[in-house]
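Asks: Sending over a structure as structure tokens; questions will come in a sec.
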């Protein structure tokens, strides 16, 4: 594949280090390529997803990695494209909260399900961000949370090895990262409440 072909496709996301395009030849997939060489997050993701595949881990709440694709003088990492039941793009949990689509009571069962999944599979959500979780809507109006980025580790090395092979460390890391996520979700709800209160004051002025 050429870079021209890739860049002619739909750009659906831009992170701190990578661009995410719809696969030009298969819209059910996306391709992530690095545009900043702070660290090779694609390499880390490829190693961690291969580790999960070898373990036979259930992929219900993460997107599948299909491996590498050559793109001119570089290469990209191919992932499953996560969509709603009707093929539309899901919102992140952050946007669901800020847009008022989720009340706190609504999101609790979905978060509980995700937490249980991570504990059962021992998958580490290393780069905790509410922007890395999509809310996939099914035909009944219910949601499934899917982590689309930030798994495993942000660096290779001893900690990465421990997160794959040391049960006490895995247990600690699961707890630590989940605590961070709950805090960030709470911040989103507080931002939403502040925005509603501010809007009400402006209308009453």
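Computed from the coordinates by the stated procedures, all read-outs in this text should not be read as laboratory data. Just so it is clear, the model here is predicted, and its values are computed rather than measured.
Asks: Can you tell me the convex hull volume per residue for region 1-148, based on C-alpha atoms, in Å³ to the nearest whole number?
Replies: 122 Å³
Asks: Between 119, 130, 139, find the one with the highest GNM mean-square fluctuation for the chain; connect C-alpha pairs within less than 10 Å.
Replies: It is 139.
Asks: Rounded to the nearest 5, what % of the DSSP beta bridges within the chain are antiparallel ones?
Replies: Antiparallel bridges make up about 95 percent of those DSSP assigns within the chain.
Asks: Taking the Kirkwood radius as the inverse of the mean 1/r across Cα pairs, report the Rg/Rh of region 76-133.
Replies: Reported Rg/Rh, Kirkwood definition of Rh: 0.99.
Asks: Please check: in the Gaussian network model of the chain (C-alpha springs, under 10 Å), which one of 104, 115, 163 has the largest mean-square fluctuation.
Replies: Taking springs between Cα atoms under 10 Å, the residue moving most is 104.
Asks: Give me the compactness ratio for region 91-204, meaning the Cα radius of gyration over 2.2 N^0.38 Å.
Replies: Values: Rg = 16.3 Å, N = 114, 2.2 N^0.38 = 13.3 Å.
Relative to the 2.2 N^0.38 Å estimate, region 91-204 comes out at 1.22.
Asks: Let me ask something else about it. Would you kindly give the portion of the calculated P(r) for region 3-80 that falls above 19 Å, as a percent of all Cα pairs?
Replies: When every Cα pair of region 3-80 is considered, 35 percent fall beyond 19 Å.
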